[in-house]
Amino acid sequence: MIAELGHFALILALVLACVQAVVPLVGAQQNRYALMAVGRPAAQAQLFFLLFAYGCLTWAFVTSDFTVRLAAVNSHTATPLIYKITGVWGNHEGSLLLWAASLSLWTVAVTIFSRDLPEAFMARVLGVLGAISAGFVSFTLFTSNPFTRLLPAAAEGRDLNPLLQDPGMIIHPPLLYMGYVGFSVAFAFAIAALLSGRLDAAWARWSRPWTTAAWVFLTAGIAVGSGWAYYELGWGGWWFWDPVENASFMPWLLGTALIHSLAVTEKRGAFRNWTVLLAISAFSMSLLGTFLVRSGVITSVHAFATDPARGLYILVLLVLVIGISLTLFAWRAPRLTGGGSFALMSRESTLLGNNVLFAVVTGAVLLGTLYPLFLDALNMGKISVGPPYFEAVFVPLMVPVVVLMVIGPFVRWKNDDSARIVRRLAPGAIVSVLLGVGLAVVVGNFTWRTVLGLALAAWVLIGSVQLLRARVAERPGAAAGAGVRLRGIPAAWWGMWLAHLGVGVFIIGVTMVGSLESELDVRMKDGQTARLAGYTFTFRGVVDAPGPNYLAARATIEVARGERQIATLTPEKRLYLAQQMPMTEASLDIGPFRDVYVSLGDELEDGSWIVSLYHKPFISWIWLGCTLMGVGGICAAADRRYRRLAERRVPAAATQSA
Amino acid sequence: MKARNKRLLLVGGGVALLVAAVALVLTAFQQNLVFFHTPSEVYEGKAPTGRAFRIGGMVEEGSIRREADGLTVSFAITDTAKVIPVTYRGTLPDLFQEGKGAVVQGMLDAGGHFRATEVLAKHDENYMPVEAQYAIDQAHKAAQTVQQ
């Protein structure tokens, strides 16, 4: 009964999505307020029904109602409650429902936080979002109905893929989806602006907080996913350039470019065409990501099921979205004239450089991700493009991005004096290079990669300090204390500062772990020791440690540095019973300057075990950097400027709708 | 410099940089493509020598053997028609089992032995690596054509 209610709610949501897609758009075109006003209630009711449907599905999982096929395939009575709940999105159908629900959440958030938008503009935004929602809800209903019954019911469920039974899986998908789907808001704003022919600074200002918010979710989602891969896949890597990772990374790259390009459009009215194009591309990349992950064209832990009909549906949706928006763009773009001109040395130039480089990197990642699929589809052989390609391309293209990132905030809009900038930044740059060389020697890894990484990171950090000092110094009211002047700096500026600082911290993590990590595979018996990177690992035997839905062999390994005992690690080799699937559960001692990571391999005939030992210097800095970027994004999106504007506009909007 | 010349210089410089970036991408791409071959193709001599490639298929039943050091593993990958002996040193994926699909990346040595640097298995019970499945399907197709 509950499942049927959920199914019915999903159908109602589809009807509402269609209404939301058509009526407000017609209203905006004909300037009829009654029609435009339909958008908000339709969006809100849609959210209600989608959440209701989602709740029904969760209910089936929690109560182990195995007459619902999805629950029978992805849950088990012995699965811990939290994984019953997260198991709802650990599969194709449920994750689509989550997709639709996230979109609906964003839509309602727009109706709440952007109340001040002109009625016609809001109607167009809601119309576009409604159309996307209709596309995805119908996809869910017609090709991937999560409420399909299984009759007769299964006696017992098949359980959730053990890889997904992990705390990381509790938050990774919702964050990532909120990020993916969030770019639909930026997209809807761009399309609404194209429809109304109003691509101006106001449009950029309205889009900015939404784009940044989506970017924050995507950043967090990717970071959590990477952390999950690091400790769960059992061999200590944190990024694999796997097609599915790339699928989330491409919208991130374009989203980052979009954030910066929106800044130029808002401040200077320039790059308008380009900004619209980026908004369209970022959302298209999100859809492409969904296609790659959900169509089963690639093998990955994320690819749940292979069903050509599903892949085809998303592909058609993708083609429609790109086709319609580009047509609209081609029709409207010629009317747009460029904004203010700018000199070679100007803030605009540095941001232009940023945008071009991000676009090239995205293109390179896209090539490496899609080319194997194309060849395969055309029956021209099977190939794969591995991490060496992505690394060879990514590093040289990102180095200038980081250099521009340090320089950019010092440069004035429109026109600046090159000599001034050089005088300003040269000392820091020279110190950074010396630091890079010096530190590389100190850590004992004098390679160009280490020197480059450390020098860049040092420059980012030095530049951040200089930037903050400059910012405080240039505030008016020099008589006031530094504290007062610090408080006067707007949140958006702090956001930029923190996010850029985060990039520096991230680079330190990547460089140090890349240059200095070490690993050792050894066979160990009770009482035997192994040494790695100054640490002594003592194997203390293996005991049985059964869990709720698995059996496990748990090893105890003592880690010491010199005489000092540091940690006792307990890696496990598990066998999940429902699927008879073996799993390695690594054990880590996490520290600010290094992780010690141990995972358990196979047991050999003589009772010894294969153990993999890893020493990962500074790896936490990778996620610390991501956290700083995310916090920076939150600060930027929450800047009072966007809200103050909202307050000021309320009377105008009120008179308009009256 | 006149504004017009300056702009030309700017555009020219930008285009040159872009061309350089694209050249970098394409060269790296050329150098890092890893081709996939089925065991049968390897026997037909279609696989490259002196360059890494991938083979895929089933891990032959009874073929997994550990060397005395306990860390080096040898096994055989088959597409049901031909068998390629493989050695690998390192930790194997959890789902690497005899009779199940696997894909390995590495190089062929002079003796026709495949030295793997990477072993990929499937991610869950009911999922076969597409490449492994492909290799087996190809072999079956070939077998059918021969019978006809």
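Read the figures in this text as sums done on the coordinates, not as results from a lab. Just so we're clear, the structure is a prediction, and the values are computed from it rather than from any experiment. Here the Cβ positions follow ideal geometry from the backbone for every residue, glycine too, while neighbour counts run over all protein chains shown.
Give me P(r) over segment A:1-159, computed from all C-alpha to C-alpha distances, binned every 5 Å, as integer percentages.
Once binned at 5 Å, the Cα pair distances of segment A:1-159 give 2, 11, 19, 19, 15, 11, 9, 6, 5, 3, 1, 0.
Give the calculated FRET efficiency between B:Glu98 and B:Leu10 to the nearest 0.05, with a Förster radius of 56 Å applied to their Cβ-Cβ distance.
The pair B:Glu98/B:Leu10 has a calculated efficiency of 0.35.
Would you kindly calculate the translational diffusion coefficient of segment A:2-396, applying Stokes-Einstein with the Kirkwood radius from alpha carbon pairs, for 4 °C and a viscosity of 1.567 mPa s, and quote it in µm² s⁻¹ without decimals?
Rounded to a whole number, D works out at 59 µm²/s.
Per residue of A:581-588, count partner chain C-beta atoms within 10 Å of its C-beta, then hand back the mean as an integer. All intermediate terms of the calculation are to be shown ahead of the outcome.
On the way: counts 5, 5, 2, 3, 0, 0, 0, 0.
So the per-residue partner count for this stretch is 2.
Report the gain in length on full extension from A:Arg335 to A:Arg643: 0.36 nm times residue separation, minus Cα-Cα distance, nm rounded to one decimal.
107.8 nm
Compute the Cα gyration tensor for segment A:371-474, then decide on rounded, prolate or oblate, letting a ≥ b ≥ c be the square roots of its eigenvalues: rounded whenever a/c is under 1.5, prolate when a/b is larger than b/c in the other cases, and oblate in all that remain.
The shape class here is oblate.
Apply the Kirkwood formula to the protein assembly as shown: the hydrodynamic radius equals the inverse of the mean of 1/r over all pairs of different alpha-carbon atoms; give it in Å with one decimal.
Every distinct Cα pair counted, the radius reaches 28.8 Å.
Rounded to the nearest 0.05, what FRET efficiency do B:Ile64 and A:Ala154 give with R0 = 25 Å and r taken as the Cβ-Cβ distance? Could you check?
About 0.15, to the nearest 0.05.
Compute the Rg/Rh shape ratio of segment A:501-611: radius of gyration over Kirkwood radius, all on alpha-carbon atoms.
Values: Rg = 16.0 Å, Rh = 15.4 Å.
Computed over Cα atoms, the ratio is 1.04.
What's the extension gain from A:Leu378 to A:Gln580 if we count 0.36 nm per residue and subtract their Cα-Cα distance?
Working: separation 202, 0.36 × 202 = 72.72 nm, distance 3.68 nm.
Value of the extension gain: 69.0 nm.
If packing is taken as the mean number of other Cβ atoms within 10 Å per residue, what is the order of A:513-525, B:9-21, highest first?
A:513-525, B:9-21
Please give the average number of partner chain Cβ atoms lying within 10 Å of the Cβ of each residue in A:240-250, rounded to a whole number.
Values: counts 0, 0, 0, 0, 0, 0, 0, 0, 0, 0, 0.
Averaged over the peptide's residues, the number is 0.
Given the Cα atoms of segment A:88-148, and with Rh set as the inverse mean 1/r over their pairs in the Kirkwood sense, what is Rg to Rh to two decimals?
Using Cα coordinates only, the ratio equals 1.09.
What does the average come to when, for each residue of peptide A:377-389, you count the partner chain Cβ atoms lying within 10 Å of its Cβ?
What the average comes to for A:377-389 is 5.
How large is the Kirkwood hydrodynamic radius of segment B:35-147, counting all unique pairs of alpha carbons, in Å? Before the final figure, lay out each step's value.
Values: mean 1/r = 0.0716 Å⁻¹.
Kirkwood hydrodynamic radius for segment B:35-147: 14.0 Å.
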